[in-house]
Amino acid sequence: MARWQILQSWLLLISTLPVAWTGHKDVMAMDSSKRLKQCFCDMKSSDYTFPLEKFHDTVSAAKHCNGIMAKKQFQEADELQRSLEYRISQLKDQVDQFESEYDAGFYSIIFLRIIEIELAELNDMLRHLQNLDKSNKHLAVTLTSKVVNLTDEVQELESYDRLEVYKEYEKNKRLKRSLDECEVTLQATAAPTVPPVFGNCPHGQIFFIEGPKTYMLSQFGASYPYGAWGKDPVPAPGKETMHWVMVLVNSNLFGSYFRSYPSYGNLRTGKAYTDVSIASSVTTTNSIMGPCAVLYDDAFYYNCYNVPQVCKYTLSTKQFQTLTLPGAGIKDKFPFCTLSSTISYTDIDLATDENGLWVIYATESNYGNIVLSRLNTTRLDFLETWNTTIYKKSVSNTFMACGVLYATRHINSEYEEIFYMFDTKSGQESRDLNIRFRKLSNIIQQINYNPQDQLLYVFNDAYLVTYKTWFEK
């Protein structure tokens, strides 16, 4: 296949005929009193006979062959093999962790269930990989025949090398470099400064969700299935390992405090926690409404009680700030939904990522479709807002990662699927992501992405779960 690149060099020779000399000279300007310097080169052509039409046909056939070999089934097999190798390694770690927790007295039947689920999924992936291997072998036999034919064509074309192609091509390159240097000398200008593009980060699009990686029932128990949890992506000094949990203790709709733990180990054992009061009761304006809350830069953000506002409670100063979301629905006007139920009081969702703090909601003016805003956390106001075309009630949850909005939908009691994305950098939307991941229970009340560890922190019917995100580089 590499031979068709040689043919492209021949085409370059034909389109840029041999150069005789290069340099610069004075050219008279419109004003005869002024002279401009310009670089130029004299070109001389030679008569030759070359089967140009056949050359183009061969190049086209080689490109088509390359296109077939780069088809998705080869990429899919490679990605699937890499995923299998990684997940087998992770499964071994999970088994080791299970043995350790069993010895320490932390035995959980949920842990065994997760290992069984992982084994079943690995078997499915192995069968799929075997099917891909059979398909690719058949394709390889077909391509081998095409390559043999193309090789014969290239060898025939090589017999027309009457113009000493390689020698002339190298001469052309030297002269082109000389011409470029001349141009740079005469017209050198400073390279323009390119401002950073909003939404740009080292990651590409999410293509796989691994997990659950960690999981546990919250210390409040299964009686409180609505809530949120996570880590501060911009922690205050001394709080780098702090985890927090907030549950809605009044009718699964309202709350007045959240609980912080110095580390994940303390969270697992339920020790050394601190309750941070947000409001004196669940009926005040500053109390928490709904499970969509985040901790960011040592401040707690949530939906204010019974109003279309974002509340900010700064932990160090114990001060409140509020931001009104014009036209935003509240009290189950535009909540997250499954096909059979509403996820109560999820009209206003908060999210964090590499670009800061976001709020996700819907308005009548945007026909109930999601509105996305990035917030200034110092003044608590809007930096920029986007209107999407995804109906909010068709979504079961959302999160942000690297300036991209991702939306999930409920598949069944075992699976959730990331099916939609909106890229704030390009304004492009996609509705066919098909990224499924396993759940511990039926309904997910909250998902948030932490850019520090690239984990999703998920509150799943009182279970605190994390998932690893994988990005296309």
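For this structure, a couple of remarks:
- Loop sites in the range 258-312: trypsin sites (Lys or Arg not before Pro), DSSP, at most 14 other Cβ within 10 Å: K271
- Compactness index (Cα Rg / 2.2 N^0.38 Å), the range 206-471: 0.91
- For the range 400-473, applying the loop criterion from DSSP together with a ceiling of 13 other beta carbons within 10 Å to the GluC sites (Glu not before Pro) yields E414, E472.
- With θ taken as phi - 60° and the Karplus curve 6.51 cos²θ - 1.76 cosθ + 1.60 applied, the whole-hertz 3J(HN,Hα) list for the range 361-373 is 8, 9, 9, 5, 5, 9, 6, x, 7, 5, 10, 10, 10 Hz, x standing for glycine and proline.
- Residues M242, M400, M216, arranged from fewest to most other Cβ atoms within 10 angstrom of their Cβ, appear as M216, M242, M400.
- Relative exposure of V245, V95, V395, judged by other C-beta atoms within 10 Å (fewest first): V95, V245, V395
- With neighbours defined as other Cβ atoms within 10 Å of a residue's Cβ, the residues F471, F208 order from fewest to most as F471, F208.
- Summed side-chain charge close to T377 - residues other than T377 whose Cβ falls under 15 Å, Lys, Arg +1, Asp, Glu -1: -4
- When both the range 371-415 and the range 290-354 are represented by their alpha-carbon centers, they are found 12 Å apart.
- Across the range 206-471, the relative contact order, built from alpha-carbon pairs under 8 Å that are at least six residues apart, equals 20 percent.
- Sorted on the mean count of surrounding Cβ atoms within 10 Å across their residues, most packed first, peptides 377-384, 218-225, 352-359 read 352-359, 218-225, 377-384.
Laboratory data are not the source of any read-out in this text; all were calculated from the coordinates shown. Keep in mind the model is a prediction, meaning the values are calculated, not measured. Reconstructed Cβ throughout: ideal geometry from the backbone, glycine too, with neighbour counts over all protein chains shown.
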